[in-house]
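The values are calculated or read from the model by the stated rules, or taken from the named source; none is laboratory data. All values derive from a computational prediction rather than experimental measurement. In this analysis, Cβ positions are derived from the backbone assuming ideal geometry, glycine residues included, and neighbour counts consider all displayed protein chains. All accessible areas refer to the heavy atoms of the entire protein, side chains included, with ligands and DNA or RNA removed. Shrake-Rupley method; radii C 1.70, N 1.55, O 1.52, S 1.80 Å.
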Amino acid sequence: MRRRGTIGLLAIVLLSFLVLESSEHNFYRTDYRGEDAHTALLVALRASCSDPGKANVKLQKISRYIYPVNFLSYNLYLLVNESSYDHGALVCRGYVVTNVGKDVFELQYSYKLVGLKVDPLTGRILRIYETSSYQVFKLASYSYAIKIKVYLKPLCPHDYVNGTLLAIKGNYPCTLMDKWGNKLVISGG
C-alpha cells in the first residue's frame with residue numbers, strides 16, 4: 001500500500017514538472033519594444049486609403065509620439081478599384097519605413113456575383129453576392145503578421161442569404177463601406 005502511494009506521488013510530481021516546463025514556452029514572449037509605434041503608423045496608413053492625399057499629414061502627426069522609433073518614409077498605392085455587375089475589388093497597399101525596418105499594410109475587399117433569386121413577397125430579382133473583406137498588418141521587423149476580417153456595411157436596400165451572402169434588392173448600385181470610410185461599389189445592372 002505504501003509503495004503505491006509513493007509511486008502515485010512521484011507520478012504527480014513528474015507530471016507537474018512536465019506541465020510546468022511545457023507551459024513556460026507558451027507563456028513568455030520576447031519583449032518587442034516599439035511594436036505599438038509600428039502598429040500606430042500602419043493604422044494611420046489604413047485611415048489614408050480612403051483619402052491618400054492626407055497620408056503624409058496623418059503619419060507626421062503620429063511620428064511625434066512614437067519615440068524611439070523614427071518614421072522615415074512611406075508609400076501608399078490604390079492597386080485595384082474596379083467595379084462591375086458580376087465582380088469587383090478594392091485593394092490598397094502601403095508600407096512605412098522606420099529606423100527599425102519596413103512594415104506593410106494591405107486592405108483587400110472584393111465581391112463576386114454567385115446567383116440570382118426571386119423575392120417571394122415582391123417578385124423582384126435579388127442579386128446574391130459573396131463578399132470578402134480583410135486587412136493585413138505585416139510587422140516585418142518583428143517577424144509576424146496580423147490578418148483582420150472586416151465588416152462592410154451595405155448602404156443600400158439589402159438582405160442576407162444563409163447569414164453570409166449579400167442579397168441586393170433592385171438593379172441600382174450599392175456601396176459597401178467600412179468604418180474608416182473605404183468604399184467598395186457594386187455596380188447596378
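Points worth noting:
- Selection count where residues are in contact with a His (Cβ under 8 Å, 6 or more places away or on another chain) and more than 16 Å from residue 122 (Cβ to Cβ), scope the stretch 136-173: 4
- Qualifying residue in the stretch 59-74 (condition: surrounded by 14 or more Cβ atoms within 10 Å (Cβ to Cβ), touching a Pro at 6+ places or on another chain (Cβ under 6 Å) and either at positive phi or modelled with pLDDT of 90 or more (or both)): no
- So residue 107, is it under 21 Å from the mean Cα position of the chain (by Cα), open to solvent by less than 20 Å² (accessible area, probe 1.4 Å) and closer than 19 Å to residue 186 by Cβ: yes
- Test: residue in the stretch 19-39 that is crowded, with 18+ Cβ neighbours inside 10 Å, under 30 Å from residue 81 (Cβ atoms), at pLDDT 85 or above and not aliphatic (A, V, I, L, M): no
- Strands (runs of 3 or more DSSP E) contained entirely in the stretch 80-187, each with at least 1 residues that are hydroxyl-bearing (Ser, Thr, Tyr) and under 29 Å from residue 36 (Cβ atoms): 87-98, 102-118, 125-139, 144-149
- Taking the stretch 151-168 as the range and being surrounded by fewer than 14 Cβ atoms within 10 Å (Cβ to Cβ) and under 14 Å from residue 184 (Cβ atoms) as the test, the residues that pass are 151, 153, 155.
- Residue tally, condition exposed (fewer than 15 other Cβ atoms within 10 Å of the Cβ) and over 20 Å from residue 135 (Cβ atoms), over the stretch 81-100: 4
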